[in-house]
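What follows draws every value from the coordinates through simple rules; no lab data is involved. Only a predicted model underlies this, so the values are computations on that prediction, with no experimental measurement involved. Note that we place each Cβ from the backbone using ideal geometry, even for glycine, and neighbour counts take in every protein chain shown.
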Amino acid sequence: MKQKYDPIGILFPRRCPVCHELVEERGELACDICRTRLSYVRGNYCQKCGKPLLTEEQEYCADCARRPHQFQRGRAAFAYDEIMRRSIARYKYGGRREYADFYAEEILRGCAKDVLRWQAQTLVPIPLHPSRRRRRGYNQAELLARALSARCGIPVDAGLLKRTRKTRAQKELSDRERAVNLRGAFSLREGAVPCKRLILIDDIYTTGSTMDEAARVLREHGAEKIYFLCISVGKDS
C-alpha cells in the first residue's frame, strides 16, 4: 500500500484521534481498525441540521421540526457518542491540534457534495472569547476551518466574527439557558461586510443555539445563505 506524504507525521508521529496511541501506519491520520469504531452520519439524517434520525420516515429531527433556525442547513461527519466526546475533548483541551486534519478529511469524505452544492464563498469559524483562547492557546474551530480550506479551496475569514461576551460552557446548560447564554455574544469585525454565502465551522452541534446566534448576527449585516459544518452532531431526541 502506497503511503501518503505527511511531513508532520514524519517529524512528529501522529496519534490516532480514536485510540490516542501512535497511528499504526506512518502517514495515516488514524488507525484502520479504529475507523471501524466510529459512528459516521450516513443514510437518514435531518435535512436541516444533519442529526441522525430514528426512522426513515422522518425528514427533520424533533428539534428542527418544532422551531426555526437562522441557518439554511448543516452537516457533520460523526454522531456525538462517547468515542467522539473523548476525541474532541483531547482536541480542544489536550493540545492534540493534529486531529484537525483527520476531522477535516472525514467531514469532506461524507459531506463534499453538500459543500459543492452550497457554493459558499468563505469559511467562518465560531470564535472563542479572547481570554479563553489565550488560556487554550488556539481556537479549535479555526484549526478545523483551515484544515478544511486546505482541502476544498474555500478561503477562511477567522476574524469576521468576534466573541464580545464571555459565556458559560454550553454543555452545562439546558436548551433554553443555552439560547439566553449566547444572546449578544457575537459581533462583526468593525467595517466588515460578510459574503452572501458562507459556512460556519465548529466542533459540535447539539441544540443549534451557537449556530443560530452567529447566523443571526451575520444575517443582520447582509449574509443571505448560511450553512455549517461540524465534526460531530448530537443524536435526535
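Does A79 satisfy the criteria of being in contact (Cβ under 8 Å) with a residue 60 or more places away in the chain and crowded, with 19+ Cβ neighbours inside 10 Å? So A79 passes the test.
Each residue in the range 99-119 was checked for being crowded, with 20+ Cβ neighbours inside 10 Å, in contact with a strand residue (DSSP E or B) (Cβ under 9 Å, 6 or more places away or on another chain) and either among the acidic types (D, E) or not in a helix (DSSP H, G or I) (or both), and 1 of them qualify.
Consider S131 carefully, then state whether it is among the small types (G, A, S), touching a Pro at 6+ places or on another chain (Cβ under 8 Å), touching a residue at least 12 places away in the same chain (Cβ under 8 Å) and part of a helix (DSSP H, G or I). No. Among residues belonging to the range 30-76 that are of a type in the set (A, V, I, L, M), over 17 Å from I107 (Cα atoms) and in contact (Cβ under 8 Å) with a residue 24 or more places away in the chain, point out the one that is surrounded by the most Cβ atoms within 10 Å (Cβ to Cβ). Filtering first and then ranking leaves L53.
Being without any contact (Cβ under 8 Å) to a residue 12 or more places away in the chain and among the charged types (D, E, K, R) is the filter; apply it to the range 134-161 and report the residue that is farthest from Y93 (Cα to Cα). The selected residue is R134.
Just checking, does the range 137-159 include any residue being in contact with a Leu (Cβ under 8 Å, 6 or more places away or on another chain), of a type in the set (D, E), surrounded by fewer than 20 Cβ atoms within 10 Å (Cβ to Cβ) and not in a helix (DSSP H, G or I)? Checking the range 137-159: at least one residue is in contact with a Leu (Cβ under 8 Å, 6 or more places away or on another chain), of a type in the set (D, E), surrounded by fewer than 20 Cβ atoms within 10 Å (Cβ to Cβ) and not in a helix (DSSP H, G or I).
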